[in-house]
Amino acid sequence: MKYAVLFVVALSAWAQAPRTREIDELNWMEFKQLVPQRIQTVLVPTGTVEAHGVTHNGTDNTIPTAVARRIAPELNALVAPVLNYGITGSLEAFAGGITISPEAYKAFTRDLLRGLAKNGFKNLIVVNGHGGNTEALTQVLEEVGREMRVRTLIVNWWSYCGDLTLKVFGEDGGHAGWNETAMVQATHPQLVRKELYNENLASPRAIPGSWTAFPFPSSIILYQPKQGMVRFDEAKAKEYFSSCSDKIRDLSKDVIAKWNLAGLYQ
Ligand SMILES: [Zn+2]
C-alpha cells in the first residue's frame, strides 16, 4: 500500500506541469529534472532594438516572447531568455536604435544554440521577431543542427502569419503597421502610444531595384501602399495574436511530429 501511494505521488509529480517554463526562472536542480527527461523542446525568442512607430523600441522582443510563452505549454517546451539585440538595418538612425554586426550576431547565436543543445534540448525552435536577423539565424540554425545533431526550426511570425493579416484586418500589414502594433496591443496595451500616431509616420516599403533609402524615412513601413495603417482595434488585435500563436504552435507540433516519424537525430 505504502509503495502504491509513493508510486502515485511520484507519478503525479512527474505529470505535473513545471513550476515555470522560463529558463531564466528555473534553478539548476529543477532544470536537471526537466531536461531532457521530460522536456526536449526549447523556444528561443529573438528580436532587436529599433523604432516601431508608436510602440516601444523593444517590440521585436516583446512579440516573439509573448508568442513563445503562450505556446510553450502545448508544445511541452521551455522558453529561453529573449535574445533582445539583433541586426538592425535601415532604421538604426532612429533614436534608440542599436545594431549588432552580422559576424558578432552569428558567433553569439551559434554559441547560444550550441549551449542549449549541450544541455539536452533536441528541438530548438527560434521564434524570430525581426527580419534583419533572418538570414543570419537561418545559416546558424543549419550549422548547429548538423554539428550538434539537433533539430532546428525558425519561424518569422509576421511572414508565416501573412495570410492571417489579410484575414483579420482585410488588408496587408507592415513593419510597425496595424498587424505588428496589434500584437503589442493584444499583450501589452500600455506600450501602444495611440495619441502619438498619425499617418505621416508611415511610408510604403522600398521596392528592391526600384529605390532604396538609408536611413529609411519612416519606422512604419507598409508592405503595400495605403495598406496596414494602424487602426487600434482591440478585438481584432486579440484575434490576431491568438490565431498567429495557434498557427505557429501547429507548425511547431507538425514539424516535431515529422522529425520523430522520420527518426531524425533522435
Ligand atoms: Zn518589428
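Computed quantities for the displayed model
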read-out: Heavy-atom accessible area per residue - segment 61-186, 1.4 Å, Å²; value: 38 Å²
read-out: Computed [θ] at 222 nm, deg cm²/dmol, the chain (DSSP H ≥ 4; -39,500 (n - 2.57); rounded to nearest 500); value: -14500 deg cm²/dmol
read-out: Sequence-distant residues sharing a close amide H with Gly174 (under 5 Å, placed H); value: Asn179, Glu180, Tyr223
read-out: Summed residue charge, Cβ within 15 Å of Gly174's Cβ, Lys/Arg positive, Asp/Glu negative; value: -3
read-out: Between segment 42-87 and segment 234-253, the alpha-carbon center distance in angstrom; value: 14 Å
read-out: Reachable lysines from Lys194, criterion Cα separation under 16 angstrom, eight or more residues apart if same chain; value: Lys236
read-out: Heavy-atom accessible surface of the chain: percent carbon and sulfur, 1.4 Å; value: 56 percent
read-out: Length gained when the stretch Ser203-Ala235 is fully extended (0.36 nm per residue, less Cα-Cα span); value: 9.0 nm
read-out: Net length gained if the chain between Asn260 and Thr138 were fully extended (0.36 nm per residue, minus Cα distance); value: 41.8 nm
read-out: 3J(HN,Hα) from dihedral phi, segment 224-236, Karplus parametrisation 6.51/-1.76/1.60, rounded to Hz, x for glycine, proline; value: 10, x, 6, 10, x, 4, 6, 10, 6, 8, 5, 5, 5
read-out: Percent RCO, i.e. relative contact order, over the chain, from Cα pairs under 8 Å lying at least 6 residues apart; value: 20 percent
read-out: Angle in degrees between helix 2-15 and the longest Cα principal axis of the chain, rounded to the nearest 10; value: 20 degrees
read-out: For Val126, distant residues with modelled amide H under 5 Å away; value: Val44, Leu153, Ile154, Val155
read-out: Label-to-label distance, nm, for residues given as Lys226 and Glu30 (7 Å Cα→Cβ offset); value: 5.3 nm
read-out: HN-Hα J in Hz across segment 57-65 - Karplus 6.51, -1.76, 1.60, θ = phi - 60°, x for Gly and Pro; value: 5, x, 3, 6, 8, 5, 5, x, 5
read-out: Packing rank of 117-124, 203-210, where each peptide gets the mean count of other beta carbons within 10 Å, highest leading; value: 117-124, 203-210
read-out: Label point at Trp211 placed 7 Å out along Cα→Cβ; residues across segment 222-262 whose backbone nitrogen lies under 17 Å; value: 222-227
read-out: Entries in Lys167/Lys247; Lys167/Lys258; Lys122/Lys247 that, when Cα-Cα distance is taken, lie over 18 Å; value: Lys167/Lys258; Lys122/Lys247
read-out: Taking segment 190-254 and dividing mean pair separation by its residue count, relative contact order in percent (alpha carbons under 8 Å, at least six apart); value: 28 percent
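The values are calculated or read from the model by the stated rules, or taken from the named source; none is laboratory data. Quantities reported herein were computed from a predicted structural model and do not represent experimental measurements. Every residue, glycine among them, receives a Cβ derived from its backbone with ideal geometry; neighbour counts consider all protein chains shown. To get the accessible areas, we keep the full protein, side chains included, count just its heavy atoms, and leave off ligands, DNA and RNA. Shrake-Rupley method; radii C 1.70, N 1.55, O 1.52, S 1.80 Å.
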